[in-house]
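Take a look at the structure below.
The values are calculated or read from the model by the stated rules, or taken from the named source; none is laboratory data. Values in this document were obtained by computation on a predicted structure and should not be read as measured data. Cβ sites come from the backbone with ideal geometry, for glycine too, and all protein chains shown count toward neighbours.
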Amino acid sequence: MASNTLVSRRATAKPRPGRRRSGREPDLGRQRTLISPAQLGRPRGKAVYWIVFALVVAGFTLVFLGPLYWMVTGGLKTTQEVVQSPPTAFPTSIHTENYSQAWNVMDLSRLLFNTLYYAFGALAFQLVLDVAAAYSLSKLRPVFGKVILGMMLATLMIPATVLVVPQYLTVLDVPIFQRNLLNSPWAIWLPSVTNAFNIFLLKRFFDSIPRELLDAAAIDGASPLRTLRSVVLPISRPILGVVSIFAVVGVWKDFLWPMLTLPDPNKQTLNVGIYSLASGVPENVLIAALTIASVPTLLIFLIFQRNIMSGLTAGGLKG
Amino acid sequence: MSAPTLSTPGKASPPSRGHHRPAAPGSPREEFTRALRRNISAHGFLIGAVLCFSFFSWYPMVREFVLAFQKTEDGRTTWAGWSNLSYVFNDPAFWQAWRNTLLFTALALLLGFAVPFVVAVVLNEFRHAQGYLRLLVYLPVMLPPVASVLLFKYFYDPGYGLFNRLLEVLHLPAQQWLQDPDISMLSVVIASTWMNMGGATLIYLAALQGIPGELYEAAELDGAGLLRKIWHVTIPQTRLILSLLLLMQIIATMQVFTEPFLLTNGAGPEGSTTTVVYLIYQYAFNFNNYGSAAALGLVLLVVLAGFSAVYVRLSRSSED
């Protein structure tokens, strides 16, 4: 255990397979942490490790998967069984019709479609406008670029909730254009572009692209747009992935803003629609609806978990 | 000259001053056209985002200040001076909302700041299943808030809720989780911590993995035990991240809205979960009193500005 760099971690992990108990222990040669390997190697250390480990795994599974399990199975129970005390661990009889009822009664297909429409529209706007802005600020460096960047970053200092009221009033009557964006998807899409954090992330990534690469493209006669498309974007896939996921998830999780700007029941998002219908449907149907609403983001998460988690930590500190 | 990127023909090369011949390659005039062209295309890339910021971020920022000093009566908007602010300060709900918000922040920090750190320190020791545990912790963050909050509403139900069932098993008295004004805020905080702790935990984990192992070895050679290693190595090594997250959580929790709004319809029993942002919401959207809402927003802004400033300074120093 001489050094603890990432490189040596990889290197030492391999040549000592003899100490591994099974293939499930990939990290014996990992970077050392709080507790020394020697301490862990002793019988007592091992016992304590496995006890704590088992407790934590069991506890975490219960705390974080338990509610989800309750939700999925709750949607399969009868109304009486859901509100029964003590609760049952397994549904006594399976009622999949709750799910189809939730789908039909709460018009989940419409809510789902709306949410997808808003989320991916916002994603498109953010990808086009924020990427272009970050590229310009990072590589084209226009006059006043620093001022503009500063003013964008300054918006991070203003608590989002403070701006809700003036933003809402702006949406009611957009200055110059004299448009009312209430109940229009633009009320979600356009404000979503004002994500200074995304611009900051993108710009920081673009800053790391070597100047020579872009100069070479310019010497070949590529226009800035062409350079962006053929040189910058292909290298930037990881950061684009992170920004995209956060853009979609951001709209998916938002509550106050869509509640204010999309009051029409036909235009609502999943969050707002389910909330406003919650008191009018039986518990088991509502729980089934919650399950359905959770599936898309959970799927996104399971598929892209690596990108999401690395984006979270690499992208700085936005929780 | 505000524009370092624009070359300045006059100053750069005196000989060409006053001449109007066609620009030779590399001449100031050509350079000027090139810079101009570059600037036009650069601003072309910027314009979309700048327009969005102008309409939906910068203009509302200005408007927030204007609104706070205006009032609208019978469709006529007039300057109101400090009357909005004095109205807000004289509203008994204002002080209650601040008490509640500070209580929420304190509880949320106690739980939401300490728990993820402890969890991260423990997870970092595990040689197995770390990926699985990380996945679990972050799972609630991905749920739509309406799903997690309504789930907790069921768990908190005094009749059939799981929490009272748990207390029953432990032979503890049942609680009116959301109906009792003394613990309603705690209930909101528990739900909120479950929903949001994943992000902080993963950030701590990443920070912990950056601690050089030699430091622990050195501490052991000095005879340090587990707690002293945490105190003298783990915490100092992660101090920057810890303080950044602390500030971020203060800023985020003081703006809490969705959780109390969904769990206790905002106000809660005897107004015990009315937060500052919920009061802004009430002023604006229940009473149509935008002036007072903006004035209260300004108060919140001023309170949070201090935290934001420290945050920005710290995160700058982390960049270096």
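Observations on the structure shown:
- Contacts under 7 angstrom Cβ, first residue in the range A:245-257 being within 9 Å of chain B (Cβ to nearest Cβ) and in contact (Cβ under 8 Å) with a residue 60 or more places away in the chain, partner buried (at least 20 other Cβ atoms within 10 Å of the Cβ) and among the small types (Gly, Ala, Ser), 6 or more apart: A:252/A:119
- Residue B:99 vs. criteria assigned to a helix (DSSP H, G or I), among the charged types (D, E, K, R), under 22 Å from the mean Cα position of the chain (by Cα) and in the same structural domain as residue B:249 (by TED's automatic domain parsing): yes
- For the range A:262-283, a residue qualifies if it is assigned to a helix (DSSP H, G or I), surrounded by 18 or more Cβ atoms within 10 Å (Cβ to Cβ) and more than 11 Å from every other protein chain (Cβ to nearest Cβ), and exactly one does: A:267.
- One residue stands out among those in the range B:49-95 that are among the hydrophobic types (A, V, I, L, M, F, W, C) and not in a helix (DSSP H, G or I): the one that is modelled with the lowest pLDDT, which is B:80.
Matching residues to (1) in contact with a Pro (Cβ under 6 Å, 6 or more places away or on another chain); (2) part of a helix (DSSP H, G or I); (3) in contact (Cβ under 8 Å) with a residue 40 or more places away in the chain:
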residue: B:122; (1), (2), (3): no, yes, no
residue: B:127; (1), (2), (3): no, no, no
residue: B:141; (1), (2), (3): no, yes, yes
residue: B:150; (1), (2), (3): no, yes, yes
residue: B:157; (1), (2), (3): no, no, no
residue: B:165; (1), (2), (3): yes, yes, no
residue: B:182; (1), (2), (3): no, no, yes
residue: B:185; (1), (2), (3): no, yes, yes
residue: B:191; (1), (2), (3): no, yes, yes
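- Options A:262, A:298, A:286: the member that is over 21 Å from residue B:256 (Cβ atoms), touching a Pro at 6+ places or on another chain (Cβ under 9 Å) and in the same structural domain as residue A:186 (by TED's automatic domain parsing): A:262
- When B:202, B:215 are checked against the criterion of being in a helix (DSSP H, G or I) and more than 9 Å from chain A (Cβ to nearest Cβ), a single residue qualifies: B:215.
- Test: residue A:63 is aliphatic (A, V, I, L, M) and surrounded by 14 or more Cβ atoms within 10 Å (Cβ to Cβ): no
- From the options A:190, A:156, residue that is closer than 30 Å to residue B:290 by Cβ, assigned to a helix (DSSP H, G or I), among the aliphatic types (A, V, I, L, M) and at pLDDT below 85: A:156
- Top-ranked residue of the range A:140-153 - restricted to ones that are outside any loop (DSSP other than H, G, I, E, B) and touching a Lys or Arg at 6+ places or on another chain (Cβ under 8 Å), ranked as farthest from the other protein chains (Cβ to nearest Cβ): A:149
- Of all residue pairs spaced 6 or more apart or on separate chains, those with beta-carbon atoms under 6 Å, a first member in the range A:162-173 that is more than 7 Å from chain B (Cβ to nearest Cβ) and a second member that is assigned to a helix (DSSP H, G or I) are A:168/A:260; A:171/A:187; A:171/A:261.
- Filter pass, residue B:183 being under 30 Å from residue B:306 (Cβ atoms) and of a type outside the set (Lys, Arg): no
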